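The next block holds one structure in the form of structure tokens; read it before the comments.
Readers should treat all values here as calculations from the given coordinates under stated rules, not as data from a laboratory. Keep in mind the model is a prediction, meaning the values are calculated, not measured. We place every Cβ from the backbone using ideal geometry, glycine too, and count neighbours over all the protein chains shown.
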Amino acid sequence: MGTVEDARKFYARLMAANAGSADPRLEVAFAEVPRETFLGPGPWTVIAGKGKITTPSANPIHIYQNVLVALDADNGINNGEPLLHAMWIGKVEPRPGETVTHVGAGTGYYTALLARLVEPGGTVVAFELEETLAARAKANLASCGNVEIVHGDAVMRPLPPSDIIYVNAGVVAPPAAWLKALKPGGRMIFPWRPAERVGLAMLVAGMQGGFACEPFMGSWFIPCVGASVAAPEAKIPTRERAARTRSIWLTKDKAPDRTATAIFGDVWFSSRSIGTSRR
């Protein structure tokens, strides 16, 4: 059996290759951030299908695979699938000097990766609602000078002006305040869960007057407290309609029209691409 360092380097190469990112720093970040630091002492519980498997030992070599590792099994909270996050991070393209808001930090593993990718000069503000997980994240990231862990509700508390908002909990729609927190040219990536059978990863880019968006893969996360239940008057999309969504609008800026694929109070989704007319 090879060393943990060898396993981590190969894992990092696989993550970067599958992400398809042109940024070589993504592989470096996965190679340099030790995942085991954020999982607690082993052996670890790995989620496999609808079951669970315990690693044969506390050797970290076992967790350098594309596996979910339980953080809080009773509440269904896991350290998420690394390949999914590699793809998401590659999509949202963190750059040196940028400000990232991470919603749903868990124990901080993906926060640490984001923090590496915005160095030098960038910062990450990471929200975690569960007190125990927030405390663990704060301890795990104590040596990272560019990370702030906030134990609190990112739906109710204001987010800082952000170049990137990276969301790790399913929402029926991003709160209007999150969209307003995006700086010009800012990006958001979030799990869109407008209905029980609809789960899509959504990449958002701030544009003049609205927000362009791209549903790009299936995505299933635990619900985001305070933003995962639709009001009775909401317009809920089918999966087909959700997949056709190309822009997001604030109702106060533009009233929903016949292109609306979904409507959730002060935020609505449209099949119209920003800058094009509907035919």
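Computed values, structure above
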item	result
Cβ-based exposure ranking for VAL67, VAL172, in which fewest neighbours within 10 Å come first	VAL67, VAL172
Residue order, fewest to most beta carbons within 10 Å, for VAL118, VAL103, VAL28	VAL28, VAL118, VAL103
Centre separation in Å (Cα based) which lies between segment 32-81 and segment 150-216	27
Percent of Cα-Cα distances greater than 22 Å, calculated over the chain	57
Full-stretch length increase - ALA231, PHE216 - with 0.36 nm per residue and alpha-carbon distance subtracted	2.8 nm
Packing-based exposure ordering (other Cβ within 10 Å, fewest first) of ILE164, ILE47	ILE47, ILE164
Label-point separation in nm, ARG244 to GLU93, each point 7 Å along Cα→Cβ	2.9
Leading residue at positive end of dipole, segment 143-266 (Cβ point charges), from CYS224, TYR166, ALA195	ALA195
Hits among aspartates and glutamates - C-alpha to C-alpha of LYS9 under 20 Å, sequence gap 8 or more where chains match	ASP23, GLU27, GLU32, GLU36, GLU81
Label point distance in nm, ASN66-ARG197, each placed 7 Å from Cα along Cα→Cβ	2.6
Members of LYS183/LYS252; LYS91/LYS183; LYS52/LYS138; LYS180/LYS254 lying beyond 22 Å, as alpha-carbon distances in this model show	LYS52/LYS138
Percent RCO, i.e. relative contact order, over the chain, from Cα pairs under 8 Å lying at least 6 residues apart	11
